[in-house]
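Written out below as structure tokens is the structure these notes cover.
The values are calculated or read from the model by the stated rules, or taken from the named source; none is laboratory data. Since the structure is predicted, the reported quantities are computational estimates derived from the model, not experimental observations. When we count neighbours, we look across all protein chains shown, and the Cβ atoms used for this are built from the backbone with ideal geometry, even at glycine. The protein model used for the area step is the full one, side chains on, heavy atoms only, and it has no ligands, DNA or RNA in it. Shrake-Rupley method; radii C 1.70, N 1.55, O 1.52, S 1.80 Å.
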2 protein chains.
Amino acid sequence: MNSHSLFFFYYLTASPAIHIIRNEFLFILFFLLFLLPSGHTYVKKADKHQKILVAATKVFGSKGFFSARISDIAKEAKVADGTIYLYFHNKYDILLTLFEEEIAKLIVDIKAALAQEEDPRRKLYIFALHHLKLVIEKKELAEVLQMELRQSSDSVKEYRITKFVDYVNIISGIIHQGQKSGIFRPELKPGIIKRAFFGALDEMSRLWILNSDHAYTIDDTADEISSIFLNGISLPA
Amino acid sequence: MNSHSLFFFYYLTASPAIHIIRNEFLFILFFLLFLLPSGHTYVKKADKHQKILVAATKVFGSKGFFSARISDIAKEAKVADGTIYLYFHNKYDILLTLFEEEIAKLIVDIKAALAQEEDPRRKLYIFALHHLKLVIEKKELAEVLQMELRQSSDSVKEYRITKFVDYVNIISGIIHQGQKSGIFRPELKPGIIKRAFFGALDEMSRLWILNSDHAYTIDDTADEISSIFLNGISLPA
DNA sequence: AAAAATAATGAATGGCTATTCATGCTTACC
DNA sequence: GGTAAGCATGAATAGCCATTCATTATTTTT
């Protein structure tokens, strides 16, 4: 979408102003009114952008970023290798876009679900449930998160420190609230807890991803983990 | 060491038996008595093997397996690129060797420390402490573990399922023992707990590795995490 | 101290694959 | 139905880097 509008403006500004006679003006008007918002080309582009991202998620998820080949992604998306470069700058750009779009969605989702709830204990449970549900519903994405969030390369680190932290900080927010309202032990450091909690969930994801025999249901797991934490961090009633 | 002894046997069996006259017999005896156990060549080989592993740990740790170049490792080890191939089959072999040797050591260490202790609660604490200490004392190794345990490639997965599980199963052993002796809640599933516990610790490592400003001490952290878990999984007294 | 055996070197090789681009195809408009 | 604009294609390019190997250095043996 982004690159599409840019493209459009490029063409617009590149043609000398003197050429904007009546015909062309009408054409541009037409273009603005019909093509840009919902026109055919536009939709197709968005389609492929999406198709490529979906394919990339699958391929990155199963082979990891480095072992994944552009041609794998192209084949999976049923698109020529070169086509990918009409939509993304390079391989790494695909990964970044994947993160930006998906983590953003995830944050929105979870925040919406949390807004329904007041009790910090319930909130923690809801967070756990959402996070684990992601693993089921978007198995491939979860695998990418699993693998690539760890890849240490300075550029990735910087990125991670931007986006990922937002997500994890939702937890410390909950802990904080719980401490303020006297439900959680006040001496615990939210900075540690959030990490521990995320780590526990994340490790469960890994379990899920690596084993195909899912011995426990998602609800059992969310239940058990948040219950441990709640018992662990709550003040005695 | 391994490849060295193989080498020796290769030479031994390759020379026809008829050649073993008195002189050569004495030579072999000499070789066996002096060179093999502590001779010069042997030590030097072990030296370089080790030097390369140390260098590799550093390089893998800072750049990740895929971004690490053999030439980086060679430079770090102060050795020619080609030399590495006298000690390892290929790049991936370096990584595997690293794991085998280090995780094995770690398991031995932790088991020794645990043997001193009876109380499952204390054991859990000790495990946490050891694991986190690893992150401090062998920062680079910890980074490699962090990064590469996640790398999804079928060969790695298989490997992981062999060695790594041994390590994590130490936790479930402790939980089990605690449940049998009526200290831990019997309805909890050790299969989940061990993962959650490991995940929490592991996430703490990540925190440590990514942030340079170490806001919390290792003991604080081990304390806090095991305390949460202990509260969480213990039966009310 | 020469010869033989072993080890180390690093430049050259070769395979692999991200990226490009000349070409052909589709669609949208007249 | 012809034309132009934008799209898609995939073979060719180009760069990177693991691995090899002819050569040099070192160590051991006689």
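Data overview
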| item | result |
| --- | --- |
| Qualifying position, being at pLDDT below 95 and open to solvent by 80 Å² or more (accessible area, probe 1.4 Å), among A:Lys105, A:Lys75 | A:Lys105 |
| Condition broken by A:Gln116, with the remaining ones in (1) modelled with pLDDT under 85; (2) closer than 30 Å to A:Gly199 by Cβ; (3) loosely packed, with under 13 Cβ neighbours inside 10 Å satisfied | (1) |
| Residue, farthest from DNA strand D (Cβ to nearest atom), within the range B:51-89, restricted to residues that are under 20 Å from B:Val135 (Cα atoms) and away from chain A (no Cβ under 14 Å) | B:Val54 |
| Leading residue by the ranking (farthest from DNA strand C (Cβ to nearest atom)) among those in the range A:61-71 that are within 22 Å of A:Asp47 (Cβ to Cβ) and open to solvent by less than 40 Å² (accessible area, probe 1.4 Å) | A:Gly61 |
| Number of positions in the range A:202-218 that are within 7 Å of chain B (Cβ to nearest Cβ) and either modelled with pLDDT of 70 or more or in a helix (DSSP H, G or I) (or both) | 6 |
| Listing of helices (runs of 4 or more DSSP H) fully contained in the range A:74-145 that carry 3 or more residues being within 16 Å of DNA strand C (Cβ to nearest atom) | A:81-87, A:91-115 |
